[in-house]
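Participant: The structure under discussion is supplied below as structure tokens; questions concerning it will follow.
The values are calculated or read from the model by the stated rules, or taken from the named source; none is laboratory data. Note that the structure is a prediction, hence the values are computed from the model and not measured. Glycine gets a Cβ as well: all are built from the backbone with ideal geometry, and neighbour counts include every protein chain shown. For the accessible areas, the whole protein counts, side chains as well, though only heavy atoms, and no ligand, DNA or RNA atoms are used. Shrake-Rupley method; radii C 1.70, N 1.55, O 1.52, S 1.80 Å.
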Amino acid sequence: DTGVSQDPRHKITKRGQNVTFRCDPISEHNRLYWYRQTLGQGPEFLTYFQNEAQLEKSRLLSDRFSAERPKGSFSTLEIQRTEQGDSAMYLCASSLVSVETQYFGPGTRLLVL
Amino acid sequence: KNQVEQSPQSLIILEGKNCTLQCNYTVSPFSNLRWYKQDTGRGPVSLTIMTFSENTKSNGRYTATLDADTKQSSLHITASQLSDSASYICVVSAGDMRFGAGTRLTVKP
């Protein structure tokens, strides 16, 4: 069990650029979640997948954000035309449908200049 | 208003001392309540999970309590260590997960 991994761990980009993050969940986990966390706050839910289906999206997920999980394994989160307000830690978590405990990855810290 | 409120916002204690972190929630009904530990720059790690019918759950030096009547939970840390320095996040599950803002604990030698 290698745990949840995320790539990259850090990303610095200029405003207006597009960025893409990857999450590899624990292999047998069928649920995958994306969260955003700003300094001093708890994670905020963005979206989650069960297998390849995206079942819920938060209203925090603007049109510039898109997430995919094409084969029900890894997932990508893309942010288009980044804004300074997008600077945050983006966390991925996975779980089994039958067991609610979510296992978090180390996160991708994004800084938009 | 956040449905999961944690206090204090931050706490500094000396190594070896005990401390208690509080979590008040308004989410109802809920299926379970979790405490997570989050080291700086890392993802949260689950410490304890309690269903609404459980009153207490221990994990080593960490003991969580739950009072579903008053909608309060606490996390007690015994004999603190420097490695306990982290943010502790209370999470209430009610279909989705509702996160508190966390308590930032600093343990000093």
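Participant: What number results when the radius of gyration of segment A:9-113, computed over Cα atoms, is divided by 2.2 N^0.38 Å?
Facilitator: 1.02
Participant: Once you measure Cβ to Cβ distances between cysteines in chain B, which Cys have no partner under 4.7 Å?
Facilitator: That list is B:Cys19.
Participant: Round to a whole number: what % of the accessible area of chain B belongs to carbon and sulfur, probe 1.4 Å?
Facilitator: The nonpolar share, carbon plus sulfur, comes to 50 percent.
Participant: Sticking with this structure for a sec: Got a sec? Which residues of segment B:7-43 lose 20 Å² or more of accessible surface with every protein chain in place, vs. that chain alone, 1.4 Å probe?
Facilitator: Checking the loss per residue gives B:Arg34, B:Tyr36, B:Gln38, B:Gly41, B:Arg42, B:Gly43.
Participant: Select from segment A:34-83 all residues whose loss of accessible area on going from the chain by itself to the full protein assembly reaches 10 Å² or more (probe 1.4 Å).
Facilitator: A:Tyr35, A:Gln37, A:Gly40, A:Gln41, A:Gly42, A:Pro43, A:Phe45, A:Glu56
Participant: Could you provide, to the nearest whole Å², the per residue accessible area of the protein assembly as shown with probe 1.4 Å?
Facilitator: 50 Å²
Participant: Tally up the carbon and sulfur contribution to the accessible surface of segment A:20-69 as a whole percent, 1.4 Å probe, everything protein left in place.
Facilitator: 40 percent
Participant: Explain nothing, just compute: Karplus ³J(HN,Hα) = 6.51 cos²θ - 1.76 cosθ + 1.60, θ = phi - 60°, for every residue of segment B:73-89 in order, whole Hz, x for Gly and Pro.
Facilitator: After applying 6.51 cos²θ - 1.76 cosθ + 1.60, I find 9, 9, 10, 9, 10, 9, 6, 4, 10, 4, 6, 6, 4, 4, 9, 10, 10 Hz.
Participant: Do any residues of segment B:76-106 show a loss of at least 30 square angstrom of accessible area between the isolated chain and the full protein assembly, using a 1.4 Å probe, and if so which?
Facilitator: So the qualifying set is B:Met97, B:Phe99, B:Ala101.
Participant: Stokes-Einstein at 20 °C, 1.002 mPa s, Kirkwood radius from Cα pairs: D for chain B in µm² s⁻¹?
Facilitator: The Stokes-Einstein estimate is 156 µm²/s.
Participant: Shifting gears a bit: Ignoring ligands, DNA and RNA and using a 1.4 Å probe, state the total buried accessible area between A and B in Å², rounded to the nearest 100.
Facilitator: Approximately 1200 Å², summed over both chains.
Participant: Search the structure for amide H atoms under 5 Å from the amide H of A:Ser58, placed 1.01 Å from N in the peptide plane, and list their residues when 5 or more places away or on another chain.
Facilitator: Residues meeting the amide H criterion: A:Thr47.
Participant: Rounded to the nearest angstrom and ordered from largest down, what semi-axes does the equivalent ellipsoid of the protein assembly as shown get from its C-alpha gyration tensor (root of 5λ)?
Facilitator: Working from the Cα gyration tensor, I get semi-axes of 30, 20, 16 Å.
Participant: Here's another thing I want to ask about it. Find which of B:Val91, A:Thr76, B:Thr78 sits farthest along the positive direction of the dipole of the protein assembly as shown, computed with +1 on the beta-carbon of Lys and Arg, -1 on that of Asp and Glu, about the Cα centre.
Facilitator: A:Thr76
Participant: Further question: Restricting to Cα pairs below 8 Å that are 6+ residues apart, what does the relative contact order work out to for chain B? Please round to a whole percent.
Facilitator: Worked out over chain B, it gives 38 percent.
Participant: How many nm is it between the label spots at B:Ser58 and A:Glu78, if each spot is 7 Å from the Cα in line with the beta carbon?
Facilitator: Result: 5.2 nm between the two label points.
Participant: Scan around B:Ser85 for amide H atoms under 5 Å from its own, H built in the peptide plane at 1.01 Å from N, and keep only partners 5 or more places away or cross-chain.
Facilitator: Amide H to amide H, under 5 Å and 5 or more residues apart or across chains, B:Ser85 pairs with B:Val107.
Participant: Using Cα pairs under 8 angstrom and six or more residues apart, how large is the relative contact order of chain A, in percent?
Facilitator: Working: 287 pairs, mean separation 41.4, N = 113.
After rounding, I find 37 percent.
Participant: Can you give me the relative contact order of segment A:51-113 as a percent, contacts being Cα pairs under 8 Å and 6 or more apart?
Facilitator: Relative contact order, segment A:51-113: 26 percent.
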